[in-house]
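Novice: Just passing along the structure, written as structure tokens.
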Amino acid sequence: MKSFKSFCVEDCGCKYYKKSKKQKQVEEAFLSNKGKSFAKHLAIGAMAGAIPLAVTLAGHTQKEKPTTIGNRVVSQVSPALKPQVQQPQAQPESQHTDLSHGLIKHFEGFRTNAYSDKLTKSGVATIGWGMTKHPDGRPVKLGDTVTREEADKHLASHVEGMRSQLSKSIPNWDKMQSHQQAAVTSFAHNFGTGFYGKKGFETISGKLSDSSKWHEVPSAMSLYNKSGGQVRSGLTRRRSAEGAMWQGKVSGFNQQGEPTYSK
């Protein structure tokens, strides 16, 4: 049994326990320091909790890692991730259902109003993408107009019709690759689908008829760059582009409609 004076010196739960003045001072000092420490820990925790919110608002999500400060567990945010800089994307090249569409459009140019083609002997009336006839077969006449949408549709059906005719008149057409057929289609748009075997076209016809001579087709195309007996720079560029397309060197057309060449 414990002995007592005026009070019990241990907080054992008995009714005789009474705190001494010194004990009270020590306890008050302890509680005061503990309160300051708690406030400090609370502030640290609040700051740590605010960081993930700010980071999240900035567009980044962070994982919190638990850590111990004193006898409290607070959250600690891992270092902010560096934002990834998105590289500018290259502008996509405009696509055509057939490479010949792009080549024809580039060299013919679009005209809303019918005009007289000075490169032809008769100055035939031309409209849209170099068309001399309307979809219903009527010849184009000065004063006629067309919209861009109508001209695009007309060109698409025109190219399809040319390919159908060329497949019947040119031997080994089905053995040609698509870019080779496109080059010949563009050539035919300039001279007509009946050029094969026609007088004046013996050279190109001979190269196309013999697959063992197909490597000579570009040089053969380059011979047909005259109009009215004179060499035309526009026709020279066009034959060069068609020759490159035959060789598979034209990869497409950019946003300005210009041919892009593979390396």
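Novice: Explain nothing, just compute: Karplus ³J(HN,Hα) = 6.51 cos²θ - 1.76 cosθ + 1.60, θ = phi - 60°, for every residue of region 199-215 in order, whole Hz, x for Gly and Pro.
Specialist: Result, rounded to whole Hz: 4, x, 10, 4, 5, 5, 5, x, 6, 6, 6, 10, 4, 6, 10, 5, 5.
Novice: Turning to a different aspect of this structure: Among residues other than Ala220 whose Cβ falls under 13 Å from its Cβ, what is the net charge (Lys/Arg +1, Asp/Glu -1)?
Specialist: Values: positive: Lys207, Lys213, Arg239; negative: Glu202, Asp210, Glu216, Glu242.
Taking every Cβ under 13 Å from that of Ala220, the sum is -1.
Novice: Which value, in Å² rounded to 10, gives the accessible area of Ser167 with a 1.4 Å probe and all protein chains present?
Specialist: About 50 Å², rounded to the nearest 10.
Novice: Which entries of Lys105/Lys198; Lys133/Lys213; Lys105/Lys175; Lys121/Lys175; Lys153/Lys198 show an alpha-carbon separation above 32 angstrom in the structure shown? Before the final figure, lay out the partial values.
Specialist: On the way: Lys105/Lys198 26 Å; Lys133/Lys213 35 Å; Lys105/Lys175 26 Å; Lys121/Lys175 36 Å; Lys153/Lys198 29 Å.
As for pairs spanning more than 32 Å Cα to Cα, those are Lys133/Lys213; Lys121/Lys175.
Novice: Given N residues in region 206-263, what is Rg(Cα) / (2.2 N^0.38 Å)? Walk me through the numbers before you get to the answer.
Specialist: Values: Rg = 12.9 Å, N = 58, 2.2 N^0.38 = 10.3 Å.
Its radius of gyration relative to the 2.2 N^0.38 Å reference: 1.25.
Novice: Would you please calculate the Kirkwood hydrodynamic radius of region 142-228 over all C-alpha pairs and express it in Å, rounded to one decimal? List each step's numbers first, then the result.
Specialist: On the way: mean 1/r = 0.0707 Å⁻¹.
Final number for the Kirkwood radius of region 142-228 is 14.1 Å.
The values are calculated or read from the model by the stated rules, or taken from the named source; none is laboratory data. As the structure is a prediction and not an experimental result, all values here were calculated from the model. We place every Cβ from the backbone using ideal geometry, glycine too, and count neighbours over all the protein chains shown. Surface areas here come from the heavy atoms of the whole protein model, side chains and all, with no ligands, DNA or RNA. Shrake-Rupley method; radii C 1.70, N 1.55, O 1.52, S 1.80 Å.
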